[in-house]
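The values are calculated or read from the model by the stated rules, or taken from the named source; none is laboratory data. This structure is a prediction, so every number in the text was calculated from the model and none was measured. Because the Cβ atoms are built from the backbone with ideal geometry, glycine has one as well, and the counts that use them run over all protein chains shown.
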Amino acid sequence: MSMESGGGAYGAAKAGGSFDLWHFLQQPQVVVRLLSAVFALIVFSCIIGEGYMNSHATPDLHCIFNRSEDACRYGIGIGVVAFLACVFFFMVDIYFPQISNTTDRKYLVIADLGFSAIWAFLWFIGFCILTNQWASTKAEDIIIGADAARASIAFSFFSIFSWGLLIAFALQRYRMGVQDFDHSYVDPAPGPTQPYSSYPNVSHESYQQPPFTHPAESSEGYQPPPVY
């Protein structure tokens, strides 16, 4: 099977087909990717917008999560990168059927699978960090932003499952590509055995008796020459 043929490999339509926006938006993978982007947007927007506060003693801003700057930076960082990654892979999903090279499709699916697995793990860590720091936050330190903090924790938790679903969809597409390759490959059938020939382009039928061979002896026996 040629690796250049893109006839529906890795769960996509055949290369060169028309793009149907409504059918594209109804795909489960696309829906979950859009939800993941929305969850990430809510997380880092809540932390940036209301995740920093100042106390009565000092005008300096502090992270609402137990004044842990690392917690706020972590939530903002993974949220922004997750949102940008969702936008990137959303564009990949749009142009994926137009990619005729099966190897390129394979690499994109593997990248989607690997990134989704890493970010599901990072969202789990982020949820644990934000929850732990929020539980240690003193009540007198919370002036405003409590709802934003709870929202960022909740949508961090939701993001674990949304990115977990993206892992499942990417793994399914990868397995479909591998199965398509295995089923399309056929070993060549063995042909009929050709007779061996000592010289090229010489068959057994065209074989001729080599020159300089002694003629067969006569059955009458040896006769001496006549004497005159």
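Take the conditions (1) outside any helix (DSSP H, G or I); (2) in contact with a helix residue (DSSP H, G or I) (Cβ under 7 Å, 6 or more places away or on another chain); Ser100 misses just one of them, which is (2). Looking across region 100-115, just one residue is crowded, with 18+ Cβ neighbours inside 10 Å, within 16 Å of Met176 (Cβ to Cβ) and more than 8 Å from the chain's Cα centre (by Cα), and that is Thr102. Residues that are over 30 Å from Met176 (Cα atoms) and in contact with a helix residue (DSSP H, G or I) (Cβ under 8 Å, 6 or more places away or on another chain) do occur in region 79-93, at least one of them.
Can we say Gly145 is at pLDDT below 95 and at positive phi?
Working: at pLDDT below 95: yes; at positive phi: yes.
In short, yes.
The conditions of being among the aliphatic types (A, V, I, L, M) and at pLDDT below 65 are met by Ala57. Checked against (1) farther than 29 Å from His23 by Cβ; (2) crowded, with 16+ Cβ neighbours inside 10 Å; (3) within 24 Å of the chain's Cα centre (by Cα), Pro97 meets all criteria but (1). May I ask you to verify whether Phe121 is more than 15 Å from the chain's Cα centre (by Cα) and closer than 29 Å to Leu25 by Cα? Considered against the rule, which asks whether it is more than 15 Å from the chain's Cα centre (by Cα) and closer than 29 Å to Leu25 by Cα, Phe121 comes out as yes.
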